[in-house]
Amino acid sequence: MTKVNYSEVWDLDVFFEGGSNSEELRLHLNNLKAKIASLENTTAQFETPTSANDDSKVFDIIEKTKDVALNMSQASAVIGCFLAADTTEKKALLLQGEVGIFSASFSTALLQFQQVLAKVDEDVWNSLMESEKLKEFTFVLNEWRDEVGLKLSGKEESLITSLSVDGYHGWGQLYDLLVGNIKIELEVDGELKTLSVGQANNLSSHSNGEVRKKSFEALEKAWEEKEDFFASALNHLAGFRLAVYEKRGWESVLKEPLLRNRMSEETLDAMWGAIGASKEPFVNYLNIKAKMLGTDKLNWYDIDAPVTSSTKEINYQEGAEFILEHFGKFGPELEAFSRKAFEDGWIEAEDRPNKRPGGFCTGMPMSEQSRIFMTYSGSMSNVATLAHELGHAFHSYAMRPVHWMNRQYAMGVAETASTFAEMIVADAAVKAAETKEEKIALLEDKIQRSVAFFMNIHSRFLFETRFYEERKKGIVPASRLNELMVEAQQEAYGGALDTTHPHFWASKLHFYITRVPFYNFPYTFGYLFSLSIYAKALEEGTDFEQKYMALLRDTASMSVEDLAMKHLGEDITKQDFWAKGVALCVKDVDEFMELTSKEG
Ligand SMILES: [Zn+2]
């Protein structure tokens, strides 16, 4: 076999030559602007369909909308790549602002179209949905119509939208501002440092226990000092949301997040029910971890602590080959697709200054390509991240034959393909471990994911639901928010914690994200959902790949319940389904316990 050297720097010139000064990109944006103006014009003149013969008119606007959306995604994805690869890029920032304005006009035009469709007579609507041209979009079109029906009048909703800029989103922005201004003074390795919140948070996995404890305490103190400001922001943000829900006649705060995730409350209850019933093995694991760290019960600041110092170095080329080898065992398409991504410069992995932290995958739909961004520094967890992002890219690849209308998948299923790909590599890494120490470290890495999804995310969900119930009755002061948080943490961690993190509600940005309410349970859903698909894949071997791809293609055109029933034959409204996924994670704990108990 000949050895190939994959580039660690991505190729963006295939889309628009010349980076942020590209003339091609300038021309693309000018064209996009004209396309949006034309779409706005069309939707403004669009009259309520009165018979099945109007199907072509509806179809034409859908096509026009799709054209704008694809052009916009293409530009915005490439510009996002410029910014991630070089945070000092000033020109790209201006371009991003320009696309932001386009995006707002596009949303308004789309909303106008949706509102007209909602006015169509029931009979006419039914015949439209049966027409050859629109049949394919029935799910999404019905969803649009239902959503308009659940809301207030167009006039009232647009008033809410305009008021929410300052009265709702403004609170989220204030939060970002407050956090950005916090500085943490801390002595690390004998040196006094001034850290941002993000930098101090990163010390939670520091190998020195004193550093973890001190940074945690300094952070808690910083949150406490400003707790009244955070409590005020959270209360007003929630108050706005609740007032809107009340006007719309929505009783449950879960209505919006469930709608967005195309999920029923029964499914959500079944998922948490299965997790709640299986806390014990994870509590045992946390107890063992506490012992390994020399304490009786685990402290919050030790949750992310490393338990061994063994980490293997693996260079980029080896990491790529490792991924390809193990992807190949699951399916030829996943392997071939990923090989092409490595060969064709789809991945930006180089370790160099001025890159944004973190990783992402973004799609350039007009070219049917994706780009992956990360910083590869040679750890096994970098390999897992790379596999994760390749999973996202594979999801887009699987969806290529699907119309744009049926490609807008929700947060819950968005992580399906990525978690699946990550699991393949994480499991393979545990199996390939050469020493016991290394195996323990890799297993712990896997268990930590389960702890995050089953315990940490669970505590956020418990806190948020309870906070909203109390908020309905009035302002909830910081002291009460702390109590609610501690209660939720003790419950979600099954009583395994010694010290908790009372100001977690202030520290976690996710509670202040206004665009997506309840930014928590979809994570756990995605993780467990993908684990059950992974379990099926293990049973069925490479034959499973075509079924898997069919499932991915359907992720944005049906409810999650129908998706699971159609492709997995599983009823996800029942606890049994979820219990199977949890059981897979318990196996990791069992193996960890066995390895750590047989000392020497
Ligand atoms: Zn992801």
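If R0 is 56 Å, the Cβ-Cβ spacing of Asp296 and Gln408 corresponds to a FRET efficiency of close to 0.70.
One chain, two ends: Leu538 and Leu595. Fully extended at 0.36 nm per residue, the span grows by 18.1 nm beyond their Cα-Cα distance. Quarter the surface of the alpha carbon convex hull of the stretch 1-80 and you get the mean projected area, 9.1 square nanometres. Would you please classify the overall shape of the stretch 478-600 from the alpha carbon gyration tensor, given that a ≥ b ≥ c denote the square roots of the eigenvalues, rounded means a/c under 1.5, and beyond that prolate means a/b larger than b/c while oblate covers the rest? Judged from the Cα gyration tensor, the stretch 478-600 comes out oblate (a/c at least 1.5, b/c at or above a/b). Taking trypsin sites (Lys or Arg not before Pro) across the stretch 494-583, the ones in a DSSP loop with at most 15 further Cβ atoms lying within 10 angstrom of their Cβ are Arg515, Lys574. Each residue of the stretch 259-272 is assigned a 3J(HN,Hα), and the resulting list reads 4, 4, 8, 6, 10, 8, 5, 4, 4, 4, 4, 4, 5, 5 Hz, derived from the Karplus form 6.51 cos²θ - 1.76 cosθ + 1.60 (θ = phi - 60°), x at Gly and Pro.
For the pair Thr48 and His510, label points projected 7 Å from Cα toward Cβ lie 4.2 nm apart. Roughly how many percent of the accessible protein surface of the chain is carbon and sulfur, given a 1.4 Å probe and a whole-percent answer? Looking at the chain in its full context, I get 51 percent from C and S.
Using the Cβ-Cβ distance between Phe360 and Lys33 with R0 = 30 Å, the FRET efficiency computed as 1/(1 + (r/R0)^6) comes to roughly 0.70. Overall shape: oblate for the stretch 249-320, with the ratio a/c of the largest to smallest alpha carbon gyration tensor axis at 1.5 or above and b/c at least equal to a/b.
Under 20 Å of direct C-alpha separation, and excluding same-chain neighbours fewer than eight residues apart, Lys297 reaches these lysines: Lys213, Lys214, Lys279, Lys289. Each 5 Å bin from zero up to the one holding the largest Cα-Cα distance in the stretch 529-575 carries the following percent of pairs: 5, 22, 33, 26, 11, 3. In straight-distance terms, cross-link reach from Lys35 covers every one of the lysines whose alpha-carbon lies under 28 Å from its own, apart from those fewer than eight places away in the same chain; here that gives Lys57, Lys64, Lys66, Lys90, Lys91, Lys119, Lys133, Lys135, Lys155.
Can you return the lysines within cross-link range of Lys436? Criterion is Cα-Cα under 16 Å, with same-chain partners fewer than 8 residues away left out. Candidates past the 8-residue exclusion: Lys312, Lys446, Lys598. What fraction of the Cα pairs in the stretch 411-454, stated in percent, has a spacing above 11 angstrom? The proportion of pairs with Cα distances above 11 Å equals 68 percent. With the simple spin-label model, which puts each label point 7 Å out from Cα in the Cβ direction, the Glu251 to Asn5 separation comes to 6.7 nm. Computed over protein heavy atoms with a 1.4 Å probe, the accessible surface of the chain works out to 45 Å² per residue. Here the stretch 493-510 is scanned for amide nitrogen atoms under 18 Å from the site 7 Å beyond the Cα of Leu242 along Cα-to-Cβ, giving 505-506. Computed packing ranks the peptides 487-494, 185-192, 400-407 as 487-494, 400-407, 185-192, most packed first, by mean other Cβ atoms within 10 Å.
Overall shape of the chain was characterised from the C-alpha gyration tensor. The equivalent ellipsoid obtained from it has semi-axes of 39, 30, 26 Å, in decreasing order. Residues whose amide H lies under 5 Å from that of Ser370, counting only those 5 or more places away or on a different chain, are Met364; hydrogens are built 1.01 Å from N in the peptide plane. So what is the 222 nm mean residue ellipticity for the chain from helices alone, if each DSSP H run of at least 4 adds -39500 (n - 2.57) and you divide by all residues, rounding to the nearest 500 deg cm²/dmol? Value at 222 nm, helices only, nearest 500: -20500 deg cm²/dmol.
If R0 is 25 Å, the Cβ-Cβ spacing of Ser309 and Ile182 corresponds to a FRET efficiency of close to 0.20.
The values are calculated or read from the model by the stated rules, or taken from the named source; none is laboratory data. Bear in mind the structure is a predicted one, so any value in this text is a computation, not a measurement. Cβ: placed from backbone, ideal geometry, glycine included. Neighbour counts: every protein chain shown. Ligands, DNA and RNA are stripped out before the accessible areas are found, and what is left, the full protein with its side chains, is counted by its heavy atoms. Shrake-Rupley method; radii C 1.70, N 1.55, O 1.52, S 1.80 Å.
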